[in-house]
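Notes follow the structure.
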Amino acid sequence: MARIDLDHIRHAYGPNPKAPSDFALKQVNHSFKDGGAYALLGPSGCGKTTLLNIISGLLHPSHGRLLFDGHDVTDLSTQERNIAQVFQFPVVYDTMTVYDNLAFPLRNRGVPEAEVDGRVRETLAMLGLSERAGSRARRLTADDKQKISLGRGLVRSDVNAILFDEPLTVIDPHLKWVLRSQLKQLHRRFGYTMIYVTHDQTEALTFAETVVVMYDGEIVQIGTPDELFERPSHTFVGYFIGSPGMNVMPVELEGARARLGSQIIELPFPPANASGRIELGIRPEYVRIGRSGLPVRVTKVEDVGRHKIVRASLEGREIAAILGEDETLPADARVSFDPVGINLYQDSWRIETGV
Ligand code: ADP
Ligand code: MG
């Protein structure tokens, strides 16, 4: 296993890139710790696969360096980097048996046959494929093929890192949950450095200790699931994580208060380093809807099981709030903001207020 450092990585697919939009990766600096379990989370097209392929060596970055344990590997081949990668769609040798598909990456590296057998059988058992060991891969279902693909990544124990690129996309939801928890167990047992790419926040938050959020070719936040929820460093993280996402309202800063249209919101931690027009971010979970606070007009109530999502108009803007199971919505509803849930933003980036 290895620590992986990305040092000023940029990548453009086309020739002569000039504008920032010509770069699939704009500027990426990050250190993945040895033995860490990371999720790389972001919307489709933000550069996740590009970054993964640069780490594995399938793609050479236009600029920057990649280091494994401090050694520059930017010009090394995929083979020399010794990385296992699991792709979004199954990569399986149809004419080989399930067993041989898993044995292949080990035999390829000259692992003794006795050890190959032990590793392959163990991996097959973990994936629930033991009974299929002798079947030709082409006879299997799409789910089983994706499991073989996963197995080919997991079978090796000597790799520097295992990279997963949305490996469970085509797998049915129940099995997804099972496989994800097995990946976590594997991580605990072997201490692999794992980078797991997904566009699904639930998948990211349940898999990883550390979530790296990407947006438009950049890393916008690195944090624990809790940090991403409580202190989104960029308004995008606020929208993208959580359901519904964070409310973001333009306000005018007036000392320790924020003016929203004709309404005033008291700020618990007025920022010393900002002024004028900023944005106030607050998650629906921290918006109290009841009889006190700012007057709103309720526009929609959605029952989502354990709680309700209330949408209301505040000074002409929509705001979402969560109404608990045993709370009722008064006729002339008002909203107030739980101070611990308030974050302030300038030009989309969070303003440090010391909390
Ligand atoms: P993600 O995996 O997050 O969906 P990708 O890394 O696949 O994102 O893509 C990032 C950007 O690079 C997108 O704008 C995509 O259209 C572009 N891109 C990806 N692969 C290629 C390619 N082979 N040639 C040109 N552009 C590409
Ligand atoms: Mg992708």
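The values are calculated or read from the model by the stated rules, or taken from the named source; none is laboratory data. Computed from a predicted model, the values in this text were never measured in an experiment. Here the Cβ positions follow ideal geometry from the backbone for every residue, glycine too, while neighbour counts run over all protein chains shown. With ligands, DNA and RNA removed, areas are computed over all heavy atoms of the protein, side chains included. Shrake-Rupley method; radii C 1.70, N 1.55, O 1.52, S 1.80 Å.
Look at the dipole of region 1-136 built from charges on Cβ: of 42, 9, 32, the Cα furthest out on the positive end belongs to 42. Straight distance only, please: which lysines reach the Cα of residue 26 with their own Cα at less than 29 Å, same-chain residues fewer than 8 apart left out? Filter leaves 18, 48.
Rg then Dmax, both in Å and based on the Cα atoms of region 1-116: 16.6, 55. When the chymotrypsin sites (Phe, Trp or Tyr not before Pro) in region 223-322 are filtered for DSSP coil states and for at most 11 other beta-carbon atoms within 10 Å of their beta-carbon, no site remains. Think of it as helices only: each DSSP H run of n ≥ 4 in the chain is worth -39500 (n - 2.57), and spread over all residues that comes to -7000 deg cm²/dmol at 222 nm. The charge dipole of the chain, taken about its Cα centre with unit charges on the Cβ of Lys, Arg, Asp and Glu (plus for the first two, minus for the last two), comes to roughly 500 debye. For region 79-156, the convex hull spanned by the alpha carbon atoms encloses 83 Å³ per residue.
Computed over protein heavy atoms with a 1.4 Å probe, the carbon and sulfur contribution to the accessible area of the chain reaches 48%.
Our coupling estimate for region 35-45, obtained by passing each phi through the Karplus curve with A = 6.51, B = -1.76, C = 1.60 and θ = phi - 60°, is x, x, 10, 10, 10, 10, 10, x, x, 4, x Hz, Gly and Pro reported as x. Across 292, 243, 181, mean-square fluctuation computed from a Gaussian network of the chain (C-alpha pairs under 10 Å connected) peaks at 292. The convex hull defined by the C-alpha atoms of region 58-198 has an orientation-averaged projected area of 9.1 nm². When Rg and Dmax are taken over the Cα atoms of region 204-289, they come to 14.5, 44 Å.
Debye-formula intensities of the chain, expressed as log10 I(q)/I(0) at q = 0.07, 0.08, 0.09 Å⁻¹, are -0.40, -0.51, -0.62 (one equal scatterer per alpha-carbon, no solvent). Legend: Rg and Dmax of region 251-330, from Cα coordinates, 14.2, 42 Å. Here region 129-189 is treated with +1 on each Lys and Arg Cβ and -1 on each Asp and Glu Cβ, and its dipole about the Cα centre works out to around 160 debye. For the pair residue 27 and residue 224, label points projected 7 Å from Cα toward Cβ lie 3.0 nm apart. In whole angstrom, note down how far apart the Cα centers of region 1-68 and region 291-338 are. The distance from the Cα centre of region 1-68 to that of region 291-338 comes to 42 Å. Charges were assigned to the Cβ only: +1 to each Lys and Arg, -1 to each Asp and Glu. The resulting dipole of region 207-281 about its Cα centre is roughly 280 debye.
Among 204, 125, 84, whose mean-square fluctuation peaks in a Gaussian network model of the chain (Cα, cutoff 10 Å)? Sorting by GNM fluctuation, first place goes to 125.
Taking a straight Cα-Cα cut-off under 27 Å and skipping sequence neighbours fewer than 8 places away in the same chain, the lysines within cross-link reach of residue 308 are 300. Relative to the current alpha-carbon distance between residue 107 and residue 266, full extension at 0.36 nm per residue lengthens the span by 50.6 nm.
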